[in-house]
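Quick note: the coordinates plus some simple rules give every number you see, no bench work behind them. All figures in this text were calculated on a predicted structure; none of them were measured in a lab. Please note: Cβ atoms are built from the backbone with ideal geometry, for glycine as well, and neighbour counts cover all protein chains shown.
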Amino acid sequence: MTLPKDHFTWDYSAPHVQPIRIAKSDIDGMGHANNACYVVWCEQCAWKHSEFLGLDIKDYQRLDRGVAIRKASYEYCLPAFENEDLLIATWLTACDGKFRLERRFQMINVITGQTVLRGHWELICVTLKGGRVTKFPKEFIELYGNAVVDTE
């Protein structure tokens, strides 16, 4: 049973939250969720958040613009195991209005309430066709820029 997102201590206000159930296929030879799975879960959560805000892959293709990870860091705080339920939250924490964006993540174990992972992405706007750094289109500034949360 998943508790309401407000029940947990999130790093920032207004999290976009997605549930995760750790499957047998997520478990590595050490008996816990493989680190690569956390990276995939962050990507999936980021896309769901972007879609929630109003930008999906079709919009990226139409605009020939996207955001690409320039730098990613992950702090693995605790292991997670098969059949455990996690909540992954994401926030946009910075947007320079030109071509840079920051996104943060936090995963919490539903039963213990403990943070399992924190992540941080630095993103840049690129053209899809050439992969060149470019300025944000108006839609990105409006939707992503207005979704930035206060980190103070």
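On the stretch given as segment 113-149, residues that are in contact with a His (Cβ under 9 Å, 6 or more places away or on another chain) and exposed (fewer than 15 other Cβ atoms within 10 Å of the Cβ) total 1.
Collect the residues in segment 100-114 that are more than 15 Å from the chain's Cα centre (by Cα) and closer than 14 Å to Phe8 by Cα, keeping them in residue-number order. Across segment 100-114, the qualifying residues are Asn109, Val110, Ile111, Thr112, Gly113, Gln114.
Against the test of being closer than 21 Å to Gly113 by Cα and in contact with a Cys (Cβ under 6 Å, 6 or more places away or on another chain), the options Thr90, Thr9 yield a single qualifying residue, Thr90.
Of the residues making up segment 102-125, those that are in contact with a Cys (Cβ under 8 Å, 6 or more places away or on another chain) and in a strand (DSSP E or B) number 8. Inspection of segment 50-73 identifies no residue that is within 18 Å of Phe8 (Cα to Cα) and not charged (D, E, K, R).
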